[in-house]
Amino acid sequence: MAVALYLVYLLLPIGLLALGSVGEVWTNTLLPTGFTLRWFAEVAGDPSFRRAFVTSLLVALWTCVATAVLAVPLAYTLYHRAGQAGALAGRLLATLPVAVPALTLGFGYILVFSSDALPWLGSLLLLVAAHVVLTLPYMTQAVLADLRHLGLRELEAGASTLGAAPWAQFTTVALPSMRHSLVSGSVMVVALSIGEFQLSNLVASFSHRTYPVVLLQAFYGATGYACAATVVLLALALLAAAVPARPTGGPG
Amino acid sequence: MSIELQDVEHRYAGTDHGVLGVSLTVAREELVTVIGASGCGKSTLLRLVAGLLPVQQGRLAIDGRPMAGVPPWQRPVGMVFQSYALFRHLNVLDNVAYGLRMRSVGLADRRSRALEVLDSVGMASHANRRVDQLSGGQQQRVALARALAFGPSVLLLDEPLAALDAHLRTRLCDEIRDAHRRSGAATLLVTHDQHEALMLADRVAVMARGRLVQVASPRQLYDRPASLEVARFVGHANLLAAQVLGPGRVACELGELRADTSAHAAGTTVTLLVRPEALQADPPAGAVNRLVGRTTRERFLGPTSRWDFTVPGVAPGRQTVLLCEGPVVAREAVALDPQRLLLLEAGEPASGTS
């Protein structure tokens, strides 16, 4: 019952958006009337949307790569330095992104990076960096949980008795052990990055606006147009989640 | 192909746990099992030999070469872990070939060698399976094959059969023994299971509180335990507090018994140790150490039976229950062969069954 209510609450707005995106007219009626693909064509033809679409994909991709590259050594170190300091660092990493609002980070960036010393506000690099800060903890947690679950310590001990020096242990045992969590973590990172609005809205310059930022403008225009633009974002996020979610092997 | 340990010590920081001075030599082609209760330091001992933990004091040598400062990956040691520690991202064959790959053996060579070793443990047909498609017993065999494939001169096994059911254990015991014979490696196997320890070993080392309390052949350990502690740990035993009266005579709650007292002076307090199968059922009248009583509990075990025989004590109102074992259950009397009555001086004198 509760689940059904939850699903209605979640799916009803999405259903209405989908309806609105193909509705001819939607003014002063409960549901839109008529059928058209005009709104999608208009969104597709809009250069600012097209640029934002590419920017979003680029930012998501680079964020994904950067978090993966950073999360591997980070999770590996946190796993092996499980002393008090390591445990504290791990907890901080897990709670900080929840505790610190993206809005706070955004204002902070504006203060720091609009200075003459660091005039990077509005650059694509800063935008990606901001997304990395937001998503890194999720990726690190996913990898760390995987290492704990697999009991990497014992696997590495096994590898060492078989003749593997530390670097060989890392490349032939630790890295392959992380592959499933890196894939599932990447899905999460891409989905989060594509939907991110708060920080992007504050940090992005006019030429590097991400899709959700441009989307806000659409709601000042026709309803069908706004609906179609939103459906595109939804499709993009779902696609990001669905494509890499077919790993070659089972969970290992 | 040998392991030499000389007063080896590894104490866990801030505790009295670990390995607190162990001297032991395992020869080429020898299999020594280490038994002891959990926390006695037996797994720590294996990790010291493997180099996974540092030897803090004492000397460890493998094949006559001192191992101080030699990391695990440079030691000629193969190890089977309790959890098997198989790599789930590799198939069975590549798991077994891993040690050869780390030694830069070519792909074709290492695969054919791995297949050979897999074949010797009856797992060649599973070479291309994923590790998580195997049963516990199969994983155990793969772990054994992986530890032996690169030809180590020392084999270490940490509770290799603990995760398997009893039936499979006996069979895998034979397989471990065979694999050990073929490899010729000096082998240390840690277990908390006395049956496993006795069945597999050339020699058994009993460990308690970080030290070895006795190292002996399985038969010697069973027949002549060095202390009450060892006697309690290995096999079942009837233990009786007693005192040496004079040559060939001891007194206990069963009255006066004949025993071999040659090693003990008159007046010494001792503990008598009687194995259940050393009690003879319904001996002829006039037999030495004949005890009259009755069977109070019977357990049929197939080829043999184990029963409780209750003997009225010398003191009024006291009785002694003896655990006996044999094909025939006693009806009215049992006899204690004086030659199989062991006198132990060390430790607290105590009565009871263990």
Practice prompt. Would you check if A:Thr27 is open to solvent by 40 Å² or more (accessible area, probe 1.4 Å), without any contact (Cβ under 8 Å) to a residue 12 or more places away in the chain and among the hydroxyl-bearing types (Ser, Thr, Tyr)?
Written response: no
Discussion item. Looking at the structure I just gave you, is A:Gly108 out of contact with any helix residue (DSSP H, G or I) (no Cβ under 9 Å at 6 or more places or on another chain) and modelled with pLDDT of 90 or more?
Written reply: no
From the option list A:Ala4, A:Ala18, A:Ala44, A:Ala85, single residue qualifying as part of a helix (DSSP H, G or I), of a type outside the set (S, T, N, Q), touching a Lys or Arg at 6+ places or on another chain (Cβ under 8 Å) and surrounded by fewer than 18 Cβ atoms within 10 Å (Cβ to Cβ) is A:Ala44
Reported set for segment B:256-272 where residues are in a loop (DSSP other than H, G, I, E, B), open to solvent by 50 Å² or more (accessible area, probe 1.4 Å) and polar (S, T, N, Q) is B:Ser262
Discussion item. Looking for something surrounded by 21 or more Cβ atoms within 10 Å (Cβ to Cβ), under 25 Å from B:Glu196 (Cβ atoms) and either of a type in the set (Val, Ile, Thr) or touching a helix residue (DSSP H, G or I) at 6+ places or on another chain (Cβ under 7 Å) (or both) - is there at least one such residue anywhere in segment B:98-116?
Written reply: no
Requiring at least 1 residues that are more than 14 Å from chain B (Cβ to nearest Cβ) and surrounded by 22 or more Cβ atoms within 10 Å (Cβ to Cβ), the helices (runs of 4 or more DSSP H) wholly within segment A:116-171 are A:124-150
Of B:Pro71, B:Pro54, B:Pro66, B:Pro76, the only residue that is free of Cβ contacts under 8 Å to residues at least 40 places away in the same chain and under 18 Å from B:Glu4 (Cβ atoms) is B:Pro66
Within segment B:83-110, the count of residues that are within 9 Å of another protein chain (Cβ to nearest Cβ) and not in a helix (DSSP H, G or I) comes to 9
If we keep only residues of segment B:20-63 that are open to solvent by 10 Å² or more (accessible area, probe 1.4 Å), touching a Lys or Arg at 6+ places or on another chain (Cβ under 7 Å) and assigned to a strand (DSSP E or B), then the residue farthest from the other protein chains (Cβ to nearest Cβ) is B:Gly21
Checked against (1) among the charged types (D, E, K, R); (2) open to solvent by 40 Å² or more (accessible area, probe 1.4 Å); (3) within 14 Å of another protein chain (Cβ to nearest Cβ), B:Arg75 satisfies every condition except (2)
Based on this model, can you work out whether B:Pro66 counts as surrounded by fewer than 21 Cβ atoms within 10 Å (Cβ to Cβ), facing another protein chain (nearest Cβ under 8 Å) and over 19 Å from B:Leu115 (Cα atoms)? no
Among helices (runs of 4 or more DSSP H) entirely within segment A:179-221, at least 2 residues that are modelled with pLDDT of 90 or more occur in A:179-195
Listed by first then second residue, the pairs whose first member lies in segment B:207-235 and is more than 27 Å from B:Gly58 (Cα to Cα) and of a type in the set (Val, Ile, Thr), whose partner is open to solvent by 10 Å² or more (accessible area, probe 1.4 Å) and in a helix (DSSP H, G or I), with beta carbons under 9 Å and at least 6 positions apart or on separate chains, are B:Val234/B:Gln194; B:Val234/B:Leu198; B:Val234/B:Pro218; B:Val234/B:Tyr222
Determine if segment B:134-144 includes at least one residue that is among the charged types (D, E, K, R), over 21 Å from B:Cys173 (Cα atoms) and assigned to a helix (DSSP H, G or I).
no
When segment B:237-248 is checked residue by residue, the ones that are surrounded by 15 or more Cβ atoms within 10 Å (Cβ to Cβ) and not aliphatic (A, V, I, L, M) are B:Asn238, B:Gln243
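The values are calculated or read from the model by the stated rules, or taken from the named source; none is laboratory data. All values derive from a computational prediction rather than experimental measurement. Here the Cβ is made from the backbone with ideal geometry for all residues, glycine too, and neighbour counts use every protein chain on show. Protein only, heavy atoms only, side chains kept; ligands, DNA and RNA dropped before computing areas. Shrake-Rupley method; radii C 1.70, N 1.55, O 1.52, S 1.80 Å.
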